[in-house]
Amino acid sequence: MQSMQIYLRNTLSRSIEAFVPIDAAAVRMYSCGPTVYNYAHIGNMRAFVFADLLQRVLRVVGGYSVQWVMNITDIDDKTIRDSAVGSPTWTEDIGVQTDDVRENLRLFTEFYTRAFIEDITALRIYEQSFTAMPRATHYIPQMQELIQKIAEKGFAYERGGSVYFNLAAWRQVEQYGKLFTIDVEHFREGVRIDADEYDRESVSDFVLWKGKKDHEPSWDFDFQGCNLAGRPGWHIECSAMARELLGVPFDIHTGGVDLCFPHHEDEIAQSKAGYGVDPVRYWVHNEFLEVEGEKMSKSKGNFFTLRDLLARGIDPLDVRWLLLAAHYGTKANFTFAGLEAGRKARLRVQEYIYELWERSSGSVQAPEAHAQAAALRSAIFEELAQDLQTPKALAVLFTFINQHTPKSLDTQCAAALLGVLQDVNRIWDVWSIGAQPHEEIPHAVLHLAEERWRAKQAKNFIEADRLRAELVALGYVVNDTKDGYTVERRPS
Ligand code: AMP
Ligand code: ZN
């Protein structure tokens, strides 16, 4: 298959650019991962499903090999708060708290890291797709080294046991506000901020290293001859891990739009100040998943975790479908009706695949074998190559399906179309390419159907109807035929 030129919206230029990798051998991509202080909600999952979509499109449509790194933030304000002794969110499942605060942090974050990996696996984001999923606490020496470098170049200073980025010095030599236009009046020069998260109105000297506080995890740090025991700020973590695992500059950095400021802006400043290069060529940000016009977030309480949805009997593939259906750069609204409509659309394609399978007697051929199939795949992939236009790609697929019933196709065309759907499924990953499985009808259901048949033969129609209703309640229908009856699952 011919590879296609990929186009991406780069937040740096605020425009869609042709993607050209630094090194043709492999695209290097870094995604800001979860903060593992609780179960991730499906708003967070939008960010990860989007990053997964991007790496699949790069591989399948762009023909690249991809090195994909996604970090696990296992140390920050929230993980420290919630792993502390006496924290109300610590449960027995996590383990027994110890007197060692670093060990508690490790136990706590490992628990939520495992839960996260289970969740993304259910959404078909596979661990094997990552080159690495680095835990921040495993890269403390690299973070310290970067802080030293920034200080040596004159862009960091120590105050009260913590180290801060000197924004005034930096702004003399370099623009701050590359991803985001920052109003000059919002710069609060000489003011220091310790929190990991802050808003656009408080642009100040942000923290690179936080001095040790009582009862908090800490690491020794030999900074200019003094031991500054403490722990890293959130922003330095990603700068150091990306450099260690991918090198700088690398090609693509992803994350939700909320991370543009301050997290990514600070990442650029730190990496450029310490390593001397702009770290990233293409910054690509996903928009929010919203609930009734508001960002889904823990703090607003308007969130669902994947686990919440699975407990309601929702199929994780329908969640994946929903998160892929809207273009990543537009806000998407979460509703149960939307989830249901998406399920119908997904199953409609699945039915089509089953019918094609029957038509082609199970043979799958490369789309190139058939001009119409080859054209369909090109049309779908062209939409994906254009900044991952998933809604347009699906529109092309559905238009085709609506115009071509499997019965109207010859065997070879059906086989080549299966090849198209197999290729599309290398990206969507929500269908099974094969024969419709023959469902085993439970013994109890067959028994009821048999009873109904006998009642009917005996002209006991009231009893026969009652048994039919019982079967319907169980999700089955019986149909009388010329010489007997059939029983099958009721179509959903
Ligand atoms: P966190 O674990 O809070 O660091 O967030 C992990 C990722 O989820 C980040 O890339 C966020 O930008 C992203 N994110 C958080 N909330 C949403 C949302 N409602 N919709 C889309 N992405 C989100
Ligand atoms: Zn990050």
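No lab work stands behind these numbers, since they all come straight from the coordinates. Predicted model only: the values in this text are computed from it and were never measured. Cβ sites come from the backbone with ideal geometry, for glycine too, and all protein chains shown count toward neighbours.
Karplus-based coupling profile of segment 435-450, in residue order and whole Hz: 7, 4, x, 7, 7, 6, 8, x, 4, 4, 5, 4, 5, 4, 5, 5, with θ = phi - 60° in 6.51 cos²θ - 1.76 cosθ + 1.60 and x standing for Gly or Pro. When the chain is described by a simple charge dipole with +1 on each Lys and Arg Cβ and -1 on each Asp and Glu Cβ, the residue from V364, L105, Y328 located farthest towards its positive end is V364. Residue order for V487, V424, fewest other beta carbons within 10 angstrom first, comes to V487, V424.
Cα centroid separation, segment 92-148 to segment 292-310: 22 Å.
Considering only beta bridges that DSSP places wholly inside the chain, some 50 percent are antiparallel. Relative to the longest principal axis of the chain, what angle (0 to 90°, nearest 10) does the C-alpha long axis of helix 371-385 take? Roughly 30 degrees between the two axes. When the convex hull of its Cα atoms is viewed from all sides, segment 365-487 shows a mean projected area of 10.9 nm². Using only side-chain charges placed at the Cβ, +1 for Lys and Arg and -1 for Asp and Glu, the dipole size of segment 298-428 relative to its Cα centre rounds to 600 debye. Rounded to the nearest 20, the size of the Cβ-charge dipole of the chain about its Cα centre is 1140 debye, with Lys and Arg at +1 and Asp and Glu at -1. Could you sort out which of K178/K392; K344/K392; K149/K298; K210/K300; K178/K272 sit more than 24 Å apart by Cα distance in this structure? The pairs that break the limit, which is 24 Å between Cα atoms, are K178/K392; K149/K298; K210/K300. For the chain, the convex hull spanned by the alpha carbon atoms encloses 175 Å³ per residue. Compute the FRET efficiency between E440 and A345 as 1/(1 + (r/R0)^6), taking r as their Cβ-Cβ distance and R0 = 41 Å, and round to the nearest 0.05. So, using R0 = 41 Å, E works out to roughly 0.90.
In this simple spin-label approximation, S65 and N402 carry label points 7 Å from Cα along the Cα→Cβ vector, and these lie 4.2 nm apart. For the chain, the longest principal axis of the Cα atoms and the long axis of helix 316-325 meet at an angle of about 70 degrees. Please enumerate, by chain and number, the aspartates and glutamates with C-alpha under 20 Å from the C-alpha of K331, excluding those fewer than 8 residues away in the same chain. Those aspartates and glutamates meeting the cut-off are D52, D258, E287, E290, E292, E294, D318, E340, E383, D387. Only one residue of V184, W68, A311 has its Cα farthest out toward the positive end of the dipole of the chain, where Lys and Arg carry +1 and Asp and Glu -1 on Cβ, and that residue is A311.
Between the residues A84, S31, Y352, the greatest Cα displacement towards the positive end of the dipole of the chain, with unit charges on the Cβ of Lys, Arg, Asp and Glu, is found for Y352. Estimated purely from DSSP H runs of n ≥ 4, each contributing -39500 (n - 2.57), the mean residue ellipticity at 222 nm for the chain is -13500 deg cm²/dmol once divided by its residues. Using only Cα atoms, locate the centre of segment 345-415 and the centre of segment 26-67, then give the distance between them in Å, rounded to an integer. Cα centres, segment 345-415 to segment 26-67: 26 Å. Restriction of the trypsin sites (Lys or Arg not before Pro) in segment 227-316 to DSSP coil positions whose beta-carbon has at most 12 other beta-carbons within 10 angstrom yields K300, R312.
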